[in-house]
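Data block below; observations after.
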Amino acid sequence: MDAVQVLGQQIKLPYSGKVVPNRFLKSAMTERLCAWDPNNREECGKPTAGYINAYKRWGEGQIGIVVLGNIPVHRDYPEAPGNAIIDKNNPWDAVKAFKPVVNAVKAHGSLCIGQLTHAGRQAPDSVCQEPVSASDTKCPDGVMGLNFKPARAMTEDEIWDAIDRWSFGAEVLYKAGADGAQLHAAHGYLLSQFLSPLINKRTDRWGGSFENRSRIVFEAIKAMRKRVPDESFIISIKINSHDFVDGGFSQEECASMVENLEAARVDLIELSGGTYESLAFDHKKESTKKREGFFIEFADRIRPHIKKSVLAVTGGFRNVEPMAEAIKQDTCQIVGLARPLCAEPDLPKKILERRSQGSLENDVESSLQTPAAVLQIHAMAENRPIPDISNKEVAQDVTDIILGKKPIPHPEGAEYPPM
Ligand SMILES: Cc1cc2nc3c(=O)[nH]c(=O)nc-3n(C[C@H](O)[C@H](O)[C@H](O)COP(=O)(O)O)c2cc1C
């Protein structure tokens with residue numbers, strides 16, 4: 001089998017029995033394309049035509065699994081203005097509102113999974129004045145230009161409420177026709193805060209030992225299964241291979257975690273890394289550059305702990321050969337892509353049709369690549385040409401927009417925020 005054939009293979013998920021048509025996964029990316037009105041919180045998070053448009057493009061891209069960008073399960077704790085939100089107390093019909101986006105993803109055979117999240121202490125002060133977390137703590141200011149209010153420890157009732165919200169989110173996704181739900185337990189958001197011994201200083205059954213710190217994750221999985229008893233619904237999770245912060249969630253704990261996730265019949269485990277305190281969407285080590293995946297060496301060590309669940313690794317993959325090599329070597333079974341699919345939403349299709357050997361270069365400075373990708377997603381939503389940031393002039397233009405030197409292209413009357 002050559003590299004393209006490796007990437008074009010189907011794979012069956014062990015517990016749901018769902019078949020992924022190939023080895024590509026679009027990783028969750030915040031789109032910021034849903035309704036946002038700070039003075040009317042109940043209406044926030046409603047899918048818009050632009051949101052659906054963006055997913056139409058991804059749905060046409062022959063991507064095996066498309067994960068919808070993080071969907072907060074509590075409207076008071078979003079990650080950014082314009083997030084899609086599924087809140088059990090919203091007055092609008094979330095099933096009806098999310099059906100069109102699910103249909104857009106599935107129109108050409110991709111599987112659709114929604115990522116359910118709660119930002120916890122990483123809810124910036126632009127959207128949240130009173131964040132909560134596992135313990136009294138504060139996310140350091142200044143990350144990606146964001147500032148944060150101190151977070152207070154959640155009460156036991158609030159923890160159970162969050163668990164109930166994750167299960168409600170799963171039920172909405174299921175009823176809207178999605179193939180599954182993904183718990184966002186990576187990147188320093190609430191579940192990742194509970195997992196971290198550095199942030200979680202609780203002395204009750206939700207803190208202390210690894211078993212206690214991870215309890216919230218397994219209770220959420222249990223609650224999701226109870227609310228969606230149909231076994232064909234995929235339960236997935238995105239977790240860190242490492243927090244890259246001294247005293248944070250470690251590789252050893254990740255290895256125990258995946259064993260327990262498998263025992264909880266989690267179909268798909270997506271491995272990532274880093275938090276707002278230590279961003280990891282770049283190479284941390286010289287040795288991973290050739291293999292492209294930022295977390296590939298961690299995945300090598302985590303993989304033997306998984307027997308049945310399918311492992312995806314996201315971060316850094318750009319070219320066909322390293323992607324296929326990761327699968328051939330059985331480091332992972334699926335490769336996750338994020339930024340490359342903002343530049344080229346149909347990159348997997350081009351690869352599988354042998355019209356591309358890998359993603360376009362990215363000429364935007366590393367720290368500005370996330371907002372650059374958001375600008376590209378907004379261009380998709382608005383049916384504008386996607387800024388080609390492999391072109392130096394366009395990359396400069398995008399950089400100027402992000403730095404506020406040029407206006408953000410934003411349609412008049414749009415329901416969602418400019419970026
Ligand atoms: C614009 C943008 C938004 C992102 N939003 C999310 C998100 O909502 N949830 C998540 O788990 N990761 C999010 N990420 C991280 C990506 O899913 C992915 O893990 C990271 O970009 C590394 O993959 P890449 O090198 O292929 O871009 C985001 C990344 C970008 C660029």
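The values are calculated or read from the model by the stated rules, or taken from the named source; none is laboratory data. Since the model is a prediction, treat every value here as computed from it, not as a measurement. Don't worry about glycine lacking a Cβ; one is built from the backbone with ideal geometry, like all the others, and counts go over all protein chains shown. In case anyone asks, the SASA skips ligands and DNA or RNA and just uses the protein heavy atoms, side chains included. Shrake-Rupley method; radii C 1.70, N 1.55, O 1.52, S 1.80 Å.
Quick rundown of the values:
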read-out: FRET efficiency, V4 to D93 (Cβ-Cβ, R0 30 Å, nearest 0.05); value: 0.10
read-out: Residue-count net charge about D243 - beta-carbon cut-off 11 Å; Lys, Arg +1, Asp, Glu -1; value: -3
read-out: Cα centroid of segment 258-275 to Cα centroid of segment 347-419, whole Å; value: 31
read-out: Accessible surface, the chain, averaged per residue in Å² (probe 1.4 Å); value: 38
read-out: Debye, to nearest 20: dipole size of segment 93-204, +1 on Lys, Arg Cβ, -1 on Asp, Glu Cβ; value: 360
read-out: Karplus-derived HN-Hα couplings along segment 282-287 (A = 6.51, B = -1.76, C = 1.60, θ = phi - 60°), whole Hz, x at Gly and Pro; value: 7, 6, 8, 9, 4, 5
read-out: Rounded, prolate or oblate (a/c below 1.5 giving rounded, otherwise prolate when a/b exceeds b/c) for segment 1-157 by Cα gyration tensor; value: prolate
read-out: With every protein chain in place, segment 3-360: carbon and sulfur % of accessible area (1.4 Å); value: 48
read-out: Top positive-direction residue, dipole computed over the chain with Cβ charges, set G404, A379, W36; value: A379
read-out: Relative contact order [Cα under 8 Å, 6+ residues apart], the chain, whole percent; value: 17
read-out: Three-way shape label, the chain, alpha-carbon gyration tensor, a/c 1.5; value: rounded
read-out: Label-to-label distance, nm, for residues given as K290 and M144 (7 Å Cα→Cβ offset); value: 3.2
read-out: Estimated distance in nm for a label pair at E252 and N391, the labels positioned 7 Å out from Cα along Cα-to-Cβ; value: 5.2
read-out: Three-way shape call for segment 158-223 based on the alpha-carbon gyration tensor, with the a/c threshold at 1.5; value: prolate
read-out: Leading residue at positive end of dipole, the chain (Cβ point charges), from A395, A414, V67; value: V67
read-out: Packing rank of 45-51, 296-302, where each peptide gets the mean count of other beta carbons within 10 Å, highest leading; value: 45-51, 296-302
read-out: Dipole moment magnitude, nearest 20 debye, the chain about Cα centre, only Lys, Arg, Asp, Glu C-beta charged; value: 920
read-out: Fraction of antiparallel bridges per DSSP, segment 3-360 only, in percent to nearest 5; value: 10
